[in-house]
1. Do you know which of the residues in the range 67-94 that are within 23 Å of Gly133 (Cβ to Cβ) and among the aromatic types (Phe, Trp, Tyr) is most open to solvent (accessible area, probe 1.4 Å)?
2. Counting only residues that are of a type in the set (Phe, Trp, Tyr) and open to solvent by 80 Å² or more (accessible area, probe 1.4 Å), how many does the range 107-153 have?
3. Pairs only if they're at least six apart or on different chains, beta carbon under 8 angstrom, first in the range 57-79 and farther than 10 Å from Ala120 by Cα, second open to solvent by 80 Å² or more (accessible area, probe 1.4 Å) and not β-branched (Val, Ile, Thr); list them, first residue then second.
4. Assess whether Val104 counts as being of a type outside the set (Ser, Thr, Tyr), on the phi < 0 side of the Ramachandran plot, open to solvent by less than 80 Å² (accessible area, probe 1.4 Å) and not in a helix (DSSP H, G or I).
5. Working only within the range 108-153, note down all residues that are under 19 Å from Ile89 (Cα atoms) and of a type in the set (Phe, Trp, Tyr).
6. Starting from the range 130-153, keep only residues that are touching a residue at least 12 places away in the same chain (Cβ under 8 Å) and assigned to a helix (DSSP H, G or I), then list their pairs with residues that are of a type in the set (Phe, Trp, Tyr) and open to solvent by 60 Å² or more (accessible area, probe 1.4 Å) whose Cβ atoms are within a distance under 7 Å, requiring at least 6 positions of separation or different chains.
Amino acid sequence: MSDTPNVTPARPAAPAPGKRTLADGKASPLADGKASPLADGKASPLAAIDIIAFVCEIFAFGTLALWGFTMWPFPWNIVAGVGAPVIAILLWALFVSPRAVFAVHPFVRAVVELLVYVSATAAWWSMGNAWIGLAFGVVAVTAGLVAGRRRLS
């Protein structure tokens with residue numbers, strides 16, 4: 001037999017409609033009844049800038065793969081073509097993604113994001129397509145700035 005008592009915990013009382021409370025019983029900043037962007041566990045709807053930022057990410061990873069496979073001689077093109085995007089994706093997953101492994105300061109997040117975009121832009125320049133690199137750099141940095149400002153507000 002166990003020495004612990006047979007006790008069933010009581011269910012906490014539900015908050016009054018329109019009034020939200022935190023776990024410690026304090027009033028929530030949203031206690032005025034306004035709906036939050038994450039109300040009821042649902043994510044906020046996607047905005048156009050989120051889609052543009054996602055396309056820029058995918059384009060950067062694809063650019064690094066293309067650069068690796070086309071700019072190196074045979075044995076190294078496999079290593080660079082697979083390794084460059086894998087390193088960029090790993091950095092993105094660790095620091096920049098919405099579910100990043102490390103919660104870092106927004107400045108560090110922006111630096112890592114910019115590093116990936118600059119590497120893709122430099123890859124286009126080294127392949128002899130400076131205008132594509134310049135256009136991608138402008139679109140990616142603009143999308144990153146707008147999305148970053150939106151995240152911080």
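The values are calculated or read from the model by the stated rules, or taken from the named source; none is laboratory data. Nothing here was measured: the structure is a model prediction, and the numbers come from that model. Cβ: placed from backbone, ideal geometry, glycine included. Neighbour counts: every protein chain shown. For the accessible areas, the whole protein counts, side chains as well, though only heavy atoms, and no ligand, DNA or RNA atoms are used. Shrake-Rupley method; radii C 1.70, N 1.55, O 1.52, S 1.80 Å.
1. Trp76
2. Summing the residues that are of a type in the set (Phe, Trp, Tyr) and open to solvent by 80 Å² or more (accessible area, probe 1.4 Å) in the range 107-153 gives 3.
3. Partner pairs satisfying both residue conditions: Asn77/Phe69; Asn77/Met71; Ile78/Phe69; Val79/Trp72.
4. Considered against the rule, which asks whether it is of a type outside the set (Ser, Thr, Tyr), on the phi < 0 side of the Ramachandran plot, open to solvent by less than 80 Å² (accessible area, probe 1.4 Å) and not in a helix (DSSP H, G or I), Val104 comes out as yes.
5. Scanning the range 108-153 gives Tyr117, Trp124, Phe136.
6. Gly133/Trp125; Phe136/Phe59
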